[in-house]
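Before any comments, here is the structure.
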Amino acid sequence: MRIDSVDFFYVAMPEVTLDADGSQDALVVRVTADGHVGWGECEASPLTSIAAFVTPRSHGACLPVADSVLGERIDSPADIDRIQALVRRNSMDLLQAAHTFSGIEIALWDLLGKVREEPVWRLLGFDRAHAKTPYASALFGATPQETLEKGRELTARGFRAVKYGWAGFGEGTAAADADQLHAAREGIGPDALLLVDAGQVWGADVEAAEARLAALQDVRATWIEEPFEADEYGAYAALGAAAARTGSVRVAGGEAAHSEALARTLLDYGHVGYLQVDTGRIGGIGPAHRAALYADRAGATFVNHTFTTHLALSASLQPFAGLADHRICEFPAEPRQLAIDLTRDHLPIVDGELTLPDAPGLGVEVDQEALVTYRRDVEILVDGEVLFAAPEPRAVTAAAR
Ligand SMILES: [Mg+2]
């Protein structure tokens with residue numbers, strides 16, 4: 001098969017707010033090869049990622065992603081790795097390339113899985129998909145009382161693990177954060193896992209993070225996620241060492257990694273206990289899979305990062321589906337309507353557990369009507385030439401699934 005086309009669908013809610021909620025817009029990718037179709041999603045700023053696909057070349061090592069993808073052969077997983085290497089070589093100076101290619105890479109796995117009538121996890125070499133324990137990913141409430149009520153709601157929905165984050169956590173006093181943490185624990189009850197996401201709030205300030213360790217330990221938090229900017233490896237290592245002295249809370253991070261090497265570096269030098277990888281950013285399913293195996297060998301736990309649709313959720317789970325000991329998985333619990341509407345299928349939680357389906361490709365069908373409903377009309381012109389035009393809604397609905 002040869003890659004005939006790559007189409008990008010930029011969709012968004014009518015209003016995009018300042019909430020730290022990545023489900024307010026999305027960039028969905030459709031790849032076709034010899035009449036076969038695969039779908040993927042980038043975890044990225046949509047317009048800049050489209051631009052990276054079509055931009056005029058700047059020089060010989062700064063080519064548009066399209067130049068390494070269109071017309072390439074796609075017959076096996078090895079071809080996906082080969083195309084990835086081409087993108088990395090030809091677009092080494094185009095920083096958005098990894099984000100753009102991630103969605104294409106995911107679509108290529110979906111396409112291959114559909115052609116071979118196998119789930120992606122089997123193409124990766126796993127013999128089965130193990131059940132995971134999904135955690136509800138939510139934002140802290142505006143007040144501790146709201147946080148508490150949110151915890152009650154989420155555990156009533158069947159979640160056995162809840163992650164709170166952002167919404168001002170870490171920006172005020174350590175005492176205010178402790179109030180939020182105790183409210184969170186009270187809301188979810190004594191048995192559910194409690195996870196906390198600091199959203200890089202402390203920059204590289206280890207002392208500020210350490211000031212929260214006692215409260216995190218009191219409420220038996222499993223991890224403190226992204227306490228620092230993504231590449232502050234020394235700060236990650238220092239906090240990890242302090243946390244190990246304090247008790248059982250561990251440091252988590254990795255969602256910002258846009259290459260396998262960055263994920264490995266966070267393990268090797270930041271010594272995180274939980275490595276969280278977003279397939280929509282690291283370069284796709286292949287790099288995420290290799291990062292999962294690396295984390296396993298390093299004695300760390302791999303966790304998916306995802307905050308948008310169930311297409312992205314399925315893609316994020318494939319890379320570690322067969323690793324039985326890596327049980328916790330992220331599950332976007334309060335997505336915007338856009339993220340719900342974009343797929344026809346939704347991965348069900350049964351008795352508090354989530355298992356990937358044994359279905360071809362990603363096993364999740366995109367709802368093409370939703371691509372029309374939430375479509376943003378984009379055109380990129382250079383010297384009067386149209387480099388990109390949003391695919392026409394009618395063409396979308398008529399296209400083969
Ligand atoms: Mg996070």
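Please provide three numbers in whole Å: the alpha-carbon extents of region 260-401 along the principal axes, with the largest listed first.
Extents along the principal axes, in whole Å: 52, 44, 27.
Under 5 Å between amide H atoms, partner at least 5 residues away or on a different chain: which partners does residue 135 have, H built in plane at 1.01 Å?
Residues meeting the amide H criterion: 329, 330, 331.
Between the alpha-carbon centers of region 206-279 and region 46-125, tell me the distance in whole angstrom.
Region 206-279 and region 46-125 have Cα centres spaced 30 Å from each other.
Please list the non-local residues whose amide H lies under 5 Å from the amide H of residue 169, H modeled 1.01 Å from N, same-chain partners needing a gap of 5 or more.
none
Where the convex hull is taken over the Cα atoms of the chain, what is its projected area averaged over directions, in nm²?
Answer in nm², one decimal: 18.7.
Of 168, 201, 275, which is farthest along the charge dipole of region 139-290 in the positive direction, counting Lys and Arg as +1 and Asp and Glu as -1 at C-beta?
Selected residue: 275.
Dipole of the chain, Cα-centred, from +1 at each Lys and Arg C-beta and -1 at each Asp and Glu C-beta, to the nearest 20 debye?
880
Counting only complete DSSP H runs, which helices of the chain cover 15 Å or more along their long axis at the Cα atoms and score a mean Kyte-Doolittle of 0.5 or above?
Counting only whole DSSP H runs, the qualifying helices are 97-116, 233-246.
Just going by the charge dipole of region 281-373, with Lys and Arg at +1 and Asp and Glu at -1 on Cβ, which of 306, 357, 289 is farthest out on the positive end?
The residue sitting farthest along the positive end of the dipole is 289.
Any idea which of 230, 80, 346 is furthest toward the positive side of the dipole for the chain, if Lys and Arg beta-carbons carry +1 and Asp and Glu beta-carbons -1?
80
How large is the charge dipole for region 125-222, taken about the Cα centre, if only the Cβ atoms of Lys, Arg (+1) and Asp, Glu (-1) carry charge, to the nearest 20 debye?
Dipole size: approximately 560 debye.
Residues of region 1-76: accessible area per residue at 1.4 Å, in Å²?
39
Leaving out ligands and nucleic acids, and using a 1.4 Å probe, what accessible area per residue does region 122-172 come to in Å²?
Counting only protein heavy atoms, the per-residue value for region 122-172 is 45 Å².
Based on Cβ point charges of +1 for Lys and Arg and -1 for Asp and Glu, what charge dipole magnitude is obtained for region 260-304 about its Cα centre, in debye rounded to the nearest 20?
40
Residue by residue through region 59-66, which ³J(HN,Hα) values in whole Hz follow from phi under the Karplus form 6.51 cos²θ - 1.76 cosθ + 1.60 (θ = phi - 60°), with glycine and proline marked x?
6, x, 10, 9, 9, x, 4, 3
Averaged per residue, what accessible surface does region 279-321 expose to a 1.4 Å probe, in Å²?
20
Per DSSP helix of 4 or more residues, -39500 (n - 2.57); summed, then divided by the residues of the chain. What does that give at 222 nm, rounded to the nearest 500?
Theoretical 222 nm ellipticity from helices: -11000 deg cm²/dmol.
Using a 1.4 Å probe over the heavy atoms of the protein chains, calculate the carbon and sulfur portion of the accessible area of region 35-154 as a whole percent.
That share works out to 51 percent.
The values are calculated or read from the model by the stated rules, or taken from the named source; none is laboratory data. As the structure is a computational prediction, the values presented were derived from the model and not from experiment. Counting neighbours? That spans all protein chains shown, and the Cβs are built from the backbone with ideal geometry, glycine included. Areas reflect the complete protein model, heavy atoms only, side chains present, ligands, DNA and RNA absent. Shrake-Rupley method; radii C 1.70, N 1.55, O 1.52, S 1.80 Å.
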